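A short write-up of the structure that comes next.
The values are calculated or read from the model by the stated rules, or taken from the named source; none is laboratory data. Because the structure is a prediction, the values reported are computed rather than measured. Note that we place each Cβ from the backbone using ideal geometry, even for glycine, and neighbour counts take in every protein chain shown.
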Amino acid sequence: MLAVPMAISLKIIGSLLIIAAAIWLIGKVFRKKERSDFYSLFDSHPQNAVFGKALGSELQKLSGALARRDSVHSFKDRYHQYTELFMQDMPAGMDDRERFDQFTTAQKVLYAFMLFDTQTDNGGVYQFLFNYPHYAFATGEALAQLGVEKLKGDYMTCVNEFVKSLDTFVTRKEQFNDPAASETERWKGFSMGYTELPSAEIIQQYYYAPHFKEDLYQSVVTYIEDHSEQFIVK
């Protein structure tokens, strides 16, 4: 049996301990009966779509990838059309984890990206991780599936910073959710975390540029159309 060098072994153990601590701290914040760990695209593997019937119907109408992509004047417009159709018939009040686990892999990619994109547009990468910490790693997996390697690499640097600051994140989250706290105190609980994610600025220097977003939306639209069978409710 091959011996594992001590330095590598300790590094692996250290990484596992960080992830284990992150899962425990996230669970501490949410304190729910359901699983309170980080989501992954690969936690479940449904073969058939059960949600998003409107989007599936639209994709069924399209004939050949080349024809439908040539007809797109703006990938941003097509992306928003697809996301609106995808969310059109989502069941209300359903547990988030239960619904995510019933998505096909392609649906998970789209949903995780939608959350990341909307939150980042509104308040930066930090706002996304503050509001949707469970999706931290699933979103990295989604960006990998979309083939946007630079964004994925920069994003995972942010995730590593986020994981290392989880002890203060728990305190800030509790302060933000404290009904007895003033608006100023709640805002402070949220906003202080921006300083703990310095690498987010790297993403935000290019993320809002129109040419970047158009290329990004093209990647998402192409992915949806190439995996259309996973969006069609049978």
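Under 6 Å by Cβ, and 6 or more places apart or on different chains, what pairs join a residue from region 116-144 that is free of Cβ contacts under 8 Å to residues at least 60 places away in the same chain and farther than 18 Å from residue 221 by Cα with one that is outside any helix (DSSP H, G or I) and not β-branched (Val, Ile, Thr)?
none
Evaluate the following for residue 117: is it crowded, with 18+ Cβ neighbours inside 10 Å and part of a helix (DSSP H, G or I)?
It is true that residue 117 is crowded, with 18+ Cβ neighbours inside 10 Å and part of a helix (DSSP H, G or I).
Return a yes/no flag: does region 177-198 have any residue that is aromatic (Phe, Trp, Tyr) and either surrounded by fewer than 17 Cβ atoms within 10 Å (Cβ to Cβ) or without any contact (Cβ under 8 Å) to a residue 24 or more places away in the chain (or both).
yes
Which one of these does residue 206 not meet: (1) over 24 Å from residue 99 (Cβ atoms); (2) touching a Lys or Arg at 6+ places or on another chain (Cβ under 9 Å); (3) without any contact (Cβ under 8 Å) to a residue 40 or more places away in the chain; (4) part of a helix (DSSP H, G or I)?
Condition (4) is where residue 206 drops out.
Considering region 209-234 alone, what residues qualify as being out of contact with any helix residue (DSSP H, G or I) (no Cβ under 6 Å at 6 or more places or on another chain), within 22 Å of residue 60 (Cβ to Cβ) and in a helix (DSSP H, G or I)?
Listed by number, the residues that qualify are 222, 226, 229.
Here are 110, 151: which of them is under 16 Å from residue 83 (Cα atoms), crowded, with 17+ Cβ neighbours inside 10 Å and of a type outside the set (Lys, Arg)?
110
When the residues of region 178-203 are filtered to those that are assigned to a helix (DSSP H, G or I) and either touching a strand residue (DSSP E or B) at 6+ places or on another chain (Cβ under 7 Å) or hydrophobic (A, V, I, L, M, F, W, C) (or both), which remaining residue is farthest from residue 125 (Cα to Cα)?
Of all residues in region 178-203, those assigned to a helix (DSSP H, G or I) come to 183-196, 200-203.
Now narrow it down to the ones that are either touching a strand residue (DSSP E or B) at 6+ places or on another chain (Cβ under 7 Å) or hydrophobic (A, V, I, L, M, F, W, C) (or both): 187, 190, 192, 200, 202-203.
Details: 187: 17, 190: 13, 192: 14, 200: 6, 202: 10, 203: 8 Å.
By that ranking, first place goes to 187.
What pairs come out if I take residues in region 76-94 that are more than 26 Å from residue 215 (Cβ to Cβ) and modelled with pLDDT under 90 and pair them with residues that are of a type in the set (Gly, Ala, Ser) and assigned to a helix (DSSP H, G or I) whose C-beta lies under 6 Å away, six or more apart or interchain?
89/54
Within region 200-217, count every residue that is farther than 22 Å from residue 162 by Cβ and crowded, with 17+ Cβ neighbours inside 10 Å.
Of the residues in region 200-217, 2 are farther than 22 Å from residue 162 by Cβ and crowded, with 17+ Cβ neighbours inside 10 Å.
Which count do you get for residues in region 88-114 that are aliphatic (A, V, I, L, M) and over 19 Å from residue 48 (Cβ atoms)?
Of all residues in region 88-114, those aliphatic (A, V, I, L, M) come to 90, 92, 94, 106, 109-110, 112, 114.
Add one more test, that the residue is over 19 Å from residue 48 (Cβ atoms), and what stays is 92, 112, 114.
Going through region 88-114 one residue at a time, the tally reaches 3.
Of the conditions (1) more than 28 Å from residue 77 (Cα to Cα); (2) touching a residue at least 12 places away in the same chain (Cβ under 8 Å), residue 112 fails just one. Which one is it?
(1)
With the requirement that a residue be in a loop (DSSP other than H, G, I, E, B) and at pLDDT 95 or above, what does region 150-177 give you?
Taking region 150-177 as the starting set, the residues that turn out to be in a loop (DSSP other than H, G, I, E, B) are 165, 177.
Answer for region 150-177, where residues must be in a loop (DSSP other than H, G, I, E, B) and at pLDDT 95 or above: there is none.
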